[in-house]
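Asker: Take a look at this one; I'll ask things after.
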Amino acid sequence: MADDVLVLAEHTDGVLSDLTFELIGQARRMADAFGGQVRVALLGAPELADQLGAADVVHLAEHPALGGYLPEAYERALTQLLGEVQPRLLLLGTSTAGMDLGAAVAVAWQAPLASYVVALEAEGDTVVATAQIYAGKLMAEVALDGPRAVCTVIGGSFPADAGRAEGRPTLTPLAVTGLDDLRSTFGQLRLPDASGLDITAADLLVSVGRGIGSQDNLEVVQELADTLGVPLSASRPIIDQGWLPKPHQVGKSGKKVKPKAYLSFGISGAPEHLEGMRGAELIIACNTDRRAPIFDVAHYGTTVDLFDLVPELVDRLG
């Protein structure tokens, strides 16, 4: 078990996330290099086990406290499983669950934690993780050469198809203790109101970020979107400030989009946002900061001020 790789399966409303399959695919590469197995922790939703054919072992935990994502319950279950199987590496997503659990289980398991990981390699017995720091402006290569490690991986870093395969993993029940005396309970899952807008169906998106400066300035980019006849989407800071409704958000906590063209204005390119749009066929970025991470994924980019560029585009398209 010391050479195995464990993945936490993330699921919402009965659907496994793409990130889960990305992690399983990468876990296979790492486990093969170490000579170990791929293990998946499936907490709740046992009916999803038949979709995890790329794993060797699936640990199934069923309990009312695991009916929805409850950090306290997940932490207890995952910490108990780590103690039982003692894998070489635990892979989590850089997601709501992963950011909740990564540090907590790393401390409980006495393991180093690498966050915002975008690449993983096995060099002998050492896990080498490449992680984003300073919002992706720098990359840090970290050698995790102890007997155990935890990594939280940014979505989109690995192909999801590699984790989808037909197979018959061994199903092992996980009887988690201590779930009857939790201090918190799961209330209900509230999905955002789509309000008739589906940015995932658009072939072209115009997207705006913090660089717009103020809510009043949204009209500048909205005019371009209206001229093109496409939706206006946004990065999380715009949504958090209430300048646009939640259905307009692109990113890990918003919508994952794959349009034919993605035009971004004033978006720096935080990891959460890049996860939601890096699958676009063509990415065009406008940001006055030439070091902005958005330029690492953009096919074309400019540092022209958006307030100079966008009105000119509207004039030419009008």
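Computed from the coordinates by the stated procedures, all read-outs in this text should not be read as laboratory data. A quick note: this is a predicted structure, and the numbers were derived from the prediction, not measured. Here Cβ is always computed from backbone atoms with ideal geometry, including for glycine, and neighbour counts include all displayed protein chains.
Asker: Using DSSP to call loops (not H, G, I, E or B), can you name the GluC sites (Glu not before Pro) in segment 1-84 whose Cβ has at most 16 other Cβ atoms within 10 angstrom?
Answerer: Glu62
Asker: Return Thr200, Thr20, Thr185 ranked ascending by Cβ neighbour count within 10 Å, so the fewest neighbours appear first.
Answerer: Fewest-to-most Cβ neighbours within 10 Å comes out as Thr185, Thr200, Thr20.
Asker: Separate question: Roughly how many whole Å is it from the C-alpha centroid of segment 261-285 to that of segment 36-109?
Answerer: 30
Asker: Considering segment 5-173, what Rg and Dmax in Å follow from its alpha-carbon atoms?
Answerer: 14.6, 43
Asker: Rg/Rh for the chain: what does it come to with C-alpha atoms and Rh from Kirkwood?
Answerer: Rg divided by Rh gives 1.01.
Asker: Now, a different point. Mind checking segment 100-139 for chymotrypsin sites (Phe, Trp or Tyr not before Pro) that DSSP puts in a loop (not H, G, I, E or B) and that have at most 12 other Cβ atoms within 10 Å?
Answerer: Tyr134
Asker: Looking only at Gly53, Gly269, Gly213, which one moves most when the chain is put into a Gaussian network model with springs between Cα atoms under 10 Å?
Answerer: Result: Gly213 has the largest fluctuation of those listed.
Asker: Tell me the angle of helix 306-317 to the major Cα principal axis of the chain, expressed in degrees between 0 and 90 and rounded to the nearest ten.
Answerer: Tilt of helix 306-317: around 70 degrees.
Asker: Continuing with the same structure: Using the alpha-carbon atoms, what tilt in degrees (0 to 90, nearest 10) does helix 18-34 show relative to the longest principal axis of the chain?
Answerer: Roughly 50 degrees, rounded to the nearest 10.
Asker: Additional query: Order 163-176, 220-233 from most to least packed using the mean count of other Cβ atoms within 10 Å.
Answerer: Highest to lowest by the protection proxy: 220-233, 163-176.
Asker: Angle between the Cα long axis of helix 96-109 and the longest principal axis of the chain, 0 to 90 degrees, nearest 10?
Answerer: With rounding to tens, the tilt is 40 degrees.
Asker: Before rounding to the nearest 500, sum -39500 (n - 2.57) across all DSSP H runs of length at least 4 in the chain and divide by the residue total; then give [θ] at 222 nm in deg cm²/dmol.
Answerer: After summing the helix terms and dividing by the residues of the chain, the value is -8000 deg cm²/dmol.
Asker: Then there's this: Which residue, chosen from Gly178, Leu309, Gly251, occupies the Cα position most advanced towards the positive end of the dipole of segment 157-315, where the dipole is computed from +1 (Lys, Arg) and -1 (Asp, Glu) charges on Cβ about the Cα centre?
Answerer: It is Gly178, whose Cα lies furthest towards the positive end.
Asker: About its Cα centre, how strong a charge dipole does segment 20-152 have in debye, to the nearest 20, once Lys and Arg get +1 and Asp and Glu get -1 at the Cβ?
Answerer: 180
Asker: On each of the three principal axes of the Cα atoms of segment 144-189, give max minus min coordinate, whole Å, ordered largest first.
Answerer: Taking max minus min along each principal axis of the Cα atoms, segment 144-189 gives 38, 32, 28 Å.
Asker: For a quick size check, give me the Cα extents of segment 162-318 along its three principal axes, largest first, whole Å.
Answerer: Cα spread of segment 162-318 along its principal axes, largest to smallest: 64, 35, 32 Å.
Asker: Okay, moving on. Choose one answer from Met277, Met30, Met99: the residue with the largest mean-square fluctuation in a GNM of the chain with alpha-carbon springs under 10 Å.
Answerer: Met99
Asker: Extent of segment 1-60 along each principal axis, from alpha carbon coordinates, in Å, largest to smallest?
Answerer: Ordered largest first, segment 1-60 gives principal extents of 34, 19, 15 Å.
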